[in-house]
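Student: Can you keep this structure in mind? I'll have questions shortly.
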Amino acid sequence: MCGIVGFTGARETAPLLLEGLKRLEYRGYDSAGIAVMGDQVIQVEKVSGKVQKLSDKTDGGAAVPGCTGIGHTRWATHGAPTDLNAHPHLSNDGRFAVVHNGIIENFAELREELIAAGYTFQSETDTEVIVHLLESFDGGDLKTTVMRTVARLEGSYALGVLCSDKPDTLYAVKEASPLILGVGIGENYFASDVTALVSYTKNAIYLDDGDFAELTPAGITVFDSTGKKIEKPVSRITWTVEAAEKGGYDHFMLKEIMEQPAAVRAAIAPRVKDGEVHLDEFDLSPEELKQFNKIVITACGSAYYAGCAAKYALESLCRIPTEVVLASELRYGEPLIDSHTLLIVISQSGETADTIAAMKECRSRGAKALAIVNVVESTIAKLADWTLYTWAGPEIAVATTKGYTTQLAVLFLLAMSMGRKLGTLDDDRYPALLYDILRLPKLIQNAIDLNHGIPALAKKYHKSPSLFFIGRNTDWAVALEGALKMKEISYIHAESYAAGELKHGTIALIEEGTPVIAVCCNEHLVDKTISNIVEVKARGARVLAVALRGNHKIVSQANDVIFIPEINTLFSPILAVIPMQLLAYHVAKENGCDIDKPKNLAKSVTVE
Ligand code: G6P
């Protein structure tokens, strides 16, 4: 969702802000703007639409001269995506400009107050109250003005503030929304995430909620919420510029699909030593693990489906009842959670608002939280009792691929590690699982290689108005993710059903030519799913089956078959999802969709 950048230094800032905004495009947005400190006055340029439009409007930034500025990509919440609602917002006297990510929950009351005090509003946004508050509290000292303003705000906000009284100074404020400072030489930066910083610096300061910072070309000073100066460590950014670029692929999504063998290797290899799984970041003793009588997994989107797929491994290998609950549901429920619950929180970005809220709710009930997260130092990673990073590298395409498979890899390792310590994973089963987990990167590569026929299949299926994905048990979990991938990027209606449930309703929707994607990779249940294939075919369905290589029975039953390498059932989702990703990708490509930035969706959903 919204992206923020800020720059102060000796270089022209507008081109740098535009480049930073381009790197944040993947977060999802519908308008863009910049504010630059010019000769005594702040110049604001904003447009509804793409960063490229803003770049064209400003002649690549040349029309907005100055060395200190802020920029923003907006994902509309309060008010339509119009030029006026785009950020930055300017105070009535033109001396303050603000960009904001998050939601100001008490904006209506503040707006009324400010209108009564004579301030004029240009937009329908919640953000605009901030800039008028800054003007109303202005007493000459910018730090005090920012603090007094922030004291009135309720909700979530990452802010970038520019004031013409201090032309080379920026303020950055973080509360429940991501904001990272970049430390340069003779110049400093802030951004919503490190992808916008990597071209300029490898040194970052991660703010905690309540922190704010003053940036000048000469340095960065960080303060806590009381205004006390605090020392923050400078961390090294491990992501590279190349990793955040397409590298010859047509789309980030395809690049990220192809990166999965390496990403899964990075997640697994350092954690298996001498034939045992070692999770140093979650190194609990058997006695400590035995305190948990229940596992609750919470997440949103694909991360939730990774939880659905991993539940089977956790229950099978650890024998602990495992519930998977959508974060947006869990946060408002009355979950039966206490200090004997192990909460597993899954999130690629580590910033998903509902997931954070669910995590806080469960922790307030005594649960201990283990986070499985990709983005280092993200909010979820910081809130957790333990964090296992997935080490997938930057994921830019909105529709997750390597984010999901690395989550699965870490969850499988977790199930194996806990199972060993609890004594529920015995020596009979362990060697085969260890063999399979170590082979996963290679098997994923095989699954990609086996799928060269998918572009041709996409041509058969891309015009269908509706697709059904079916499977049982682990296969159903993959079917859920497959349907999500398809609807996210191709905009085709796609639904997933537990194959055994078909006859309780969904089968009524099957007619001549209806495509059904049947996942048949669970070796224990494949015959059952074949029966369902027969049922839907009898009603006219055209069936595309995803099956383990060597399953010849399926060839005579399905219209088309995609094979994946053989693997034990518990780990099969990590391979079965590969054709789902490729099918969605190629169908979307056939349909000319904006694959990396699908309409209405955002990569990092930082509002409820
Ligand atoms: C958005 C993304 C999905 C992602 C979900 C959860 O909907 O488009 O790809 O699965 O958010 O995000 P998280 O960062 O918490 O994994």
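Student: Around Ala518, which amide H atoms from residues at least 5 apart in sequence, or from another chain, sit under 5 Å from its own amide H, with H modelled in the peptide plane?
Tutor: Distant-sequence amide H within range of Ala518: Ile470, Leu544, Ala545, Val546.
Student: Let me ask something else about it. 222 nm [θ] for the chain, helices only, -39500 (n - 2.57) per DSSP H run of 4+, per residue, to 500?
Tutor: Working: 19 runs with 211 residues, N = 608.
Taken over the chain, the calculation gives -10500 deg cm²/dmol.
Student: Also, quick follow-up: Using alpha-carbon pairs under 8 Å, 6+ residues apart, how would you state the relative contact order of the range 3-244 in percent?
Tutor: 20 percent
Student: Related question: Could you tell me how far the Cα centroid of the range 240-283 sits from the Cα centroid of the range 517-582, in Å?
Tutor: What the calculation gives is 27 Å, centre to centre.
Student: Give the relative contact order (percent, whole number) for the chain; include only Cα pairs under 8 Å separated by 6+ residues. Provide the component values of the computation, followed by the final result.
Tutor: Details: 1408 pairs, mean separation 71.1, N = 608.
Averaging sequence separation for qualifying contacts and normalising by length gives 12 percent for the chain.
Student: Also, quick follow-up: Per q in 0.10, 0.23 Å⁻¹, report the Debye log10 I(q)/I(0) for the range 477-599, using one uniform scatterer on each alpha carbon and no solvent.
Tutor: For the range 477-599 at q = 0.10, 0.23 Å⁻¹, log10 I(q)/I(0) is -0.30, -1.42.
Student: Quick one: 3J(HN,Hα) in Hz for the range 390-395, Karplus 6.51/-1.76/1.60 with θ = phi - 60°, rounded, Gly and Pro as x.
Tutor: For the range 390-395, the Karplus curve yields 8, 6, 7, x, x, 10 Hz.
Student: Round to the nearest 10 and give me the degree value, 0 to 90, for the angle of helix 402-422's Cα axis relative to the longest principal axis of the chain.
Tutor: The helix 402-422 is inclined about 60 degrees to the chain.
Student: With θ taken as phi - 60° and the coefficients 6.51, -1.76 and 1.60, list the Karplus ³J(HN,Hα) couplings across the range 227-239 in order, rounded to whole Hz; mark glycine and proline as x.
Tutor: x, 7, 5, 10, 8, 10, x, 9, 9, 8, 7, 8, 6
Student: Pop out the ³J(HN,Hα) list for the range 271-285 in order, Karplus 6.51 cos²θ - 1.76 cosθ + 1.60 with θ = phi - 60°, rounded to Hz; leave Gly and Pro as x.
Tutor: Rounded to whole hertz, the list is 9, 10, 10, 6, x, 10, 7, 10, 10, 4, 7, 9, 9, 7, 7.
Student: Can I ask one more? How far is helix 353-364 tilted off the main Cα axis of the chain, in degrees rounded to 10, range 0 to 90?
Tutor: 80 degrees
Student: Let me ask you something else. Explain nothing, just the number: relative contact order of the range 252-448, from Cα pairs under 8 Å at least 6 residues apart, as a whole percent. Can you show the working numbers first?
Tutor: On the way: 354 pairs, mean separation 60.0, N = 197.
Relative contact order comes out at 30 percent.
Student: Considering amide H positions built from the backbone, and no H for Pro or chain starts, which residues 5 or more places from Gly350, or on another chain, come under 5 Å of its amide H?
Tutor: Amide H neighbours of Gly350: Asn374, Val375.
Student: Going by alpha carbons, how many degrees (0 to 90, nearest 10) lie between the helix axis of 573-590 and the longest principal axis of the chain?
Tutor: 60 degrees
Student: Okay, moving on. If you roll a 1.4 angstrom probe over the protein chains with everything in place, what fraction of the accessible area of the chain belongs to carbon and sulfur, to the nearest %? If you can, show how the numbers build up before the last one.
Tutor: Details: 11420 of 22150 Å².
Carbon plus sulfur share of accessible area: 52 percent.
Student: Taking the Cβ of Lys50 as the center, what net charge do the other residues with Cβ under 15 Å away carry, scoring Lys and Arg +1 and Asp and Glu -1? Don't jump to the answer; show the numbers that get you there.
Tutor: Numbers: positive: Lys22, Arg23, Arg27, Lys46, Lys53, Lys57, Arg74, Lys597, Lys599; negative: Glu19, Glu25, Asp30, Glu45, Asp56, Asp83, Asp594, Asp596.
Overall, the nearby charge balance is +1.
Student: Under 15 Å from the Cβ of Tyr206, count the other residues' Cβ atoms, weight Lys and Arg +1, Asp and Glu -1, and hand me the total.
Tutor: Working: positive: Lys174, Lys202, Lys232, Arg236, Lys382; negative: Glu175, Asp193, Asp208, Asp209, Asp211, Asp224, Glu231, Glu351, Glu377.
The answer is -4.
Student: Here is a follow-up. Tally Lys and Arg at +1 and Asp and Glu at -1 over the other residues with C-beta under 14 Å from the C-beta of Lys229: what net charge comes out? Before the final figure, lay out each step's value.
Tutor: Numbers: positive: Lys143, Lys228, Lys232; negative: Asp211, Glu214, Asp224, Glu231.
Residues close to Lys229 contribute a combined charge of -1.
Student: Under 5 Å between amide H atoms, partner at least 5 residues away or on a different chain: which partners does Ser177 have, H built in plane at 1.01 Å?
Tutor: Tyr157
Student: Whole number in Å², please: accessible area per residue of the range 454-590, 1.4 Å probe, ligands, DNA and RNA not counted. Intermediate values should be presented prior to the final figure.
Tutor: Numbers: 4900 Å² over 137 residues.
About 36 Å² of surface per residue is accessible.
Student: While we're here: Only loop residues by DSSP count here, and only those with at most 16 other Cβ atoms within 10 Å; note down the chymotrypsin sites (Phe, Trp or Tyr not before Pro) in the range 299-350 that meet that. List each step's numbers first, then the result.
Tutor: Details: sites: Tyr304, Tyr305, Tyr312, Tyr332; in loops: Tyr332.
Of the chymotrypsin sites (Phe, Trp or Tyr not before Pro), the ones in loops of the range 299-350 whose Cβ has at most 16 other Cβ atoms within 10 Å are Tyr332.
Student: Please give me, ordered by residue number, the chymotrypsin sites (Phe, Trp or Tyr not before Pro) of the range 186-257 that lie in loop per DSSP and have at most 16 other Cβ atoms within 10 Å.
Tutor: Details: sites: Tyr189, Phe190, Tyr200, Tyr206, Phe212, Phe223, Trp239, Tyr249, Phe252; in loops: Tyr200, Trp239, Tyr249.
Filter output for the range 186-257: Tyr249.
Student: Given a cut-off of 22 Å, name the pairs among Lys273/Lys421; Lys463/Lys589; Lys53/Lys255; Lys255/Lys599 whose C-alpha atoms lie farther apart than that in the structure shown.
Tutor: Over 22 Å apart, Cα to Cα: Lys53/Lys255.
The values are calculated or read from the model by the stated rules, or taken from the named source; none is laboratory data. Here the structure is a predicted model, which is why all the values come from computation and not from measurement. FYI the Cβ positions are ideal-geometry reconstructions off the backbone, even for glycines, and counts take in every protein chain you see. Areas reflect the complete protein model, heavy atoms only, side chains present, ligands, DNA and RNA absent. Shrake-Rupley method; radii C 1.70, N 1.55, O 1.52, S 1.80 Å.
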